[in-house]
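The values are calculated or read from the model by the stated rules, or taken from the named source; none is laboratory data. Note that this is a predicted model, so its numbers are computed, not measured. Please note: Cβ atoms are built from the backbone with ideal geometry, for glycine as well, and neighbour counts cover all protein chains shown.
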Amino acid sequence: MIAYTIYLPQIKGLLKKWALELNIYVPTMVEKGFFEFRPWNDQVEIAWDYDLCYTTLKKFILPPRENIIFFDMKKYSASPVTEAPKQLLFGVHPYDIKAINQLDQLMEMDSPDVNYQARRDNTIIFGLEPVHVAETAFWSSMNASKVDLGYDLYWTRISPGAFFVQVGSARGEEMLKVEGPVEKSNFTQKEAARRAHLKILAEAEKQTLKFDWSRTPELVNKFFNNRTFWREKAKTCLSCGSCNLVCPTCYCFDIQEEADDLLQKGRRYRQWDGCMLRGFAEIAGGHNFRDNAWERYRHRYMRKGKYIFDKLGELGCIGCGRCVKACTAGIANPRKVYNEIWEAIKNEI
Amino acid sequence: MKSDFSPYVPRSATLVSKQELNELVTLFEFAQDSGKPLAHRPGQFIQVSVYGVGEAPFSVSSPPRTDHNNFELAVRRTGSVTNALHALEVGAKIGIRGPYGSYFPMQKFVGQDFLFVAGGLGYIPIRSVLHYMLRHRDEFGHITLLVGTRNPKERIFTDQLAEISKRNDLEVLETVDTPDHGWKGNVGVITTLFPKISINPETTNVATIGPPVMYRFVIQECSKLGIPQNRIFVSLERRMKCGLGKCGHCQINGLNCCLDGPVFCYTDIAGLGEAL
């Protein structure tokens, strides 16, 4: 493992250098207790100790709305669009990196998504070891407290003035050295980083799944036909899609288009959609394959707990707890849902 | 990655002819402007674009052909894209992507008997398989075709059905749910035709396509006849938006209908709560 030690006063200079070539986004407090990734400039105060940014980082790689083709209605031709600004996401927590790693795989699978991949290739990710855990988070039990890949650099604060920076890619290492040589980390600094990880892990363990995450697919699948359970869980669901909106691993989209006022040229774009919205599975003629809120609710927990696992070998929920916060009805909570299923099945035996 | 390729870019095709099949359904014949054949297999679908309106998935209704490059879609007027298609005049252009999805494994059926069960617009994709078989008639055994429609007015491909009914190398049975004064044929849902057919369950494969409510009843009848599940094939309708397994709209449990389907062997979906 290659790692360097970077001191707080060095960071601003580095950021200024990087900003010449990239759009930089950093976590910052936007309201008391609310954090968001916002464009960096030297006036922005980086919230090194943020617990959770409210919206997810998928918006930087899979934007809420994105052009996919431009078309010409006269010539009846179309051309691809790939917009991929160079950007740096500085301060991404491991569970969010894990979410992006999942998207990387899902977008590459079967038919590679060129728009996603173009953006991803131009996105540099600097991870950051969390020092606080959001009250709704349970990522430590979702196998998401540590990632081995998906970052260019991984930063751990080892003292008020110093970061232990682990190298994840050559690109990241080059960026670190852009102002000249930097200090190689010694064993004490490495040990400090390890202890920082153990400390946050201990804090995160306060709220967890009650069973090993790898049993989730089997458990949730057993409950698929338990309509009473899903109906009860979803009975106050407003089908608003807030849980989809804030989920870092939700990537479903709709495709729409618009033409100019002369009906000559136009653009087709995709925009985020949500499986919790009523019309999501509706087909021509009005038949809806998930007409009831509880069917859509079940689909979401099946997808996070089983379907994604069947594709990738890991859960589609990374335990960030964003949906728990965002749910208007207060019913979205993967930890509770999966724990309740586990309890029920355990008591059956 | 810099790339000029995007799977979202349609190719252009030109409307060669159109023919009204009933009040709402029209048959469209298209030719790709590239001059190349569509190269689809029976049961596959394509994404059709009318620029400025939108894009929607349609099963190809014609069989793959080697003698010319045109292909056919039969479309019911129901939403914005289908209405725009109906408004097209011969010579107008559309955009197409695909063909996408799974297809009927025709090689597996060689030398075997076949039972088609088509409900309503389900006949449109069935037609691709049926006419493939009729074009290669000597490769297949006994063919039985059951067609069910809600009422006589909604029947489609009536001329073609009348024509193939005359052939002595296949059996065609039709029914309508609600007859009108002129209807002299069978009345009742499609399963009422099952007692009238004689097939050998040992050698018969089934393709059934129709409205969502139809499948479980047809499969039940097939099971009663003794046809094993692994020889029953369905094609399922879902709302494929991207056709690439990404957008999530066509999910059936963990499957993507656009990649894993639309054609499924019944054994692959039998346990899935959201399939039928």
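Among the residues of the stretch B:59-81, write down those that are within 12 Å of chain A (Cβ to nearest Cβ) and without any contact (Cβ under 8 Å) to a residue 24 or more places away in the chain. The one that is within 12 Å of chain A (Cβ to nearest Cβ) and without any contact (Cβ under 8 Å) to a residue 24 or more places away in the chain: B:G79.
On the stretch given as the stretch A:276-308, residues that are touching a strand residue (DSSP E or B) at 6+ places or on another chain (Cβ under 7 Å) and of a type outside the set (D, E) total 2.
Grab the strands (runs of 3 or more DSSP E) fully contained in the stretch A:16-101, keeping just those with 3 or more residues being within 13 Å of chain B (Cβ to nearest Cβ). The qualifying strands (runs of 3 or more DSSP E) are A:65-72, A:77-80. I'm trying to understand the selection: among the residues of the stretch B:242-271, which are free of Cβ contacts under 8 Å to residues at least 24 places away in the same chain, facing another protein chain (nearest Cβ under 9 Å) and part of a loop (DSSP other than H, G, I, E, B)? Within the stretch B:242-271, B:G245, B:K246, B:C247, B:G248, B:H249, B:C250, B:N253, B:G254 meet the criteria.
A count restricted to the stretch A:294-304 and to residues that are of a type outside the set (D, E, K, R) and either within 11 Å of chain B (Cβ to nearest Cβ) or surrounded by fewer than 21 Cβ atoms within 10 Å (Cβ to Cβ) (or both) stands at 3.
Count of the stretch A:271-286 residues, restricted to those that are in contact with a helix residue (DSSP H, G or I) (Cβ under 8 Å, 6 or more places away or on another chain) and either under 21 Å from A:T82 (Cα atoms) or surrounded by fewer than 20 Cβ atoms within 10 Å (Cβ to Cβ) (or both), is 5. Which ones in the stretch A:109-160 are in contact (Cβ under 8 Å) with a residue 24 or more places away in the chain, polar (S, T, N, Q) and within 14 Å of chain B (Cβ to nearest Cβ)? Result: A:N115, A:N122, A:T123.
Taking the options A:D51, A:D72, name whichever one is more than 21 Å from A:C317 (Cβ to Cβ) and among the charged types (D, E, K, R).
Matching residue, one of A:D51, A:D72: A:D72.
Of everything in the stretch B:221-241 that is of a type in the set (S, T, N, Q) and in contact (Cβ under 8 Å) with a residue 12 or more places away in the chain, the residue that is farthest from the other protein chains (Cβ to nearest Cβ) is B:N230.
Of everything listed in (1) without any contact (Cβ under 8 Å) to a residue 60 or more places away in the chain; (2) touching a Pro at 6+ places or on another chain (Cβ under 9 Å), the single unmet condition for A:F90 is (1). Looking at the stretch A:227-265 only, could you name the residues that are surrounded by 15 or more Cβ atoms within 10 Å (Cβ to Cβ), within 11 Å of chain B (Cβ to nearest Cβ) and part of a loop (DSSP other than H, G, I, E, B)? Correct list: A:C250, A:Y251, A:C252. The C-beta contact set for the stretch A:195-224 (first residue under 25 Å from A:S159 (Cβ atoms), second residue part of a helix (DSSP H, G or I) and of a type in the set (F, W, Y), distance under 7 angstrom, 6+ apart or interchain) comprises A:A204/A:W139.
One residue stands out among those in the stretch A:110-141 that are part of a strand (DSSP E or B) and hydrophobic (A, V, I, L, M, F, W, C): the one that is nearest to A:W155 (Cα to Cα), which is A:L128.
Within the stretch A:85-125, the residues that satisfy the criterion of being farther than 24 Å from A:N67 by Cβ and of a type in the set (S, T, N, Q) are A:N101, A:Q102, A:Q105. For the residues A:F126, A:F71, A:F90, the requirement of being crowded, with 19+ Cβ neighbours inside 10 Å and within 30 Å of A:L262 (Cα to Cα) singles out A:F71.
Answer yes or no: is there a residue in the stretch A:237-250 that is among the hydrophobic types (A, V, I, L, M, F, W, C) and more than 28 Å from A:W139 (Cβ to Cβ). Checking the stretch A:237-250: not a single residue is among the hydrophobic types (A, V, I, L, M, F, W, C) and more than 28 Å from A:W139 (Cβ to Cβ).
Checking B:M133 against (1) in a helix (DSSP H, G or I); (2) more than 16 Å from B:N205 (Cα to Cα): exactly one of these is not met. Which one? Only one criterion in (1) in a helix (DSSP H, G or I); (2) more than 16 Å from B:N205 (Cα to Cα) is unmet by B:M133, namely (2). Inside the stretch B:1-44, residues that are modelled with pLDDT of 95 or more, within 13 Å of chain A (Cβ to nearest Cβ) and in contact with a Pro (Cβ under 8 Å, 6 or more places away or on another chain) make up a count of 2. For A:R268, are the conditions met, namely being in contact (Cβ under 8 Å) with a residue 24 or more places away in the chain, buried (at least 19 other Cβ atoms within 10 Å of the Cβ) and farther than 19 Å from A:K98 by Cβ? Yes, satisfied.
Just one of (1) farther than 20 Å from B:L244 by Cα; (2) within 12 Å of chain A (Cβ to nearest Cβ) fails for B:V117. It is (2).
When B:S102 is tested against the conditions (1) closer than 20 Å to A:L263 by Cα; (2) away from every other protein chain (no Cβ under 12 Å); (3) surrounded by 15 or more Cβ atoms within 10 Å (Cβ to Cβ), the lone failure is (1). Taking the criterion of being crowded, with 21+ Cβ neighbours inside 10 Å, over 21 Å from B:C258 (Cβ atoms), touching a Gly at 6+ places or on another chain (Cβ under 7 Å) and in contact (Cβ under 8 Å) with a residue 24 or more places away in the chain, would at least one residue in the stretch B:47-54 satisfy it? The answer is yes; a qualifying residue exists.
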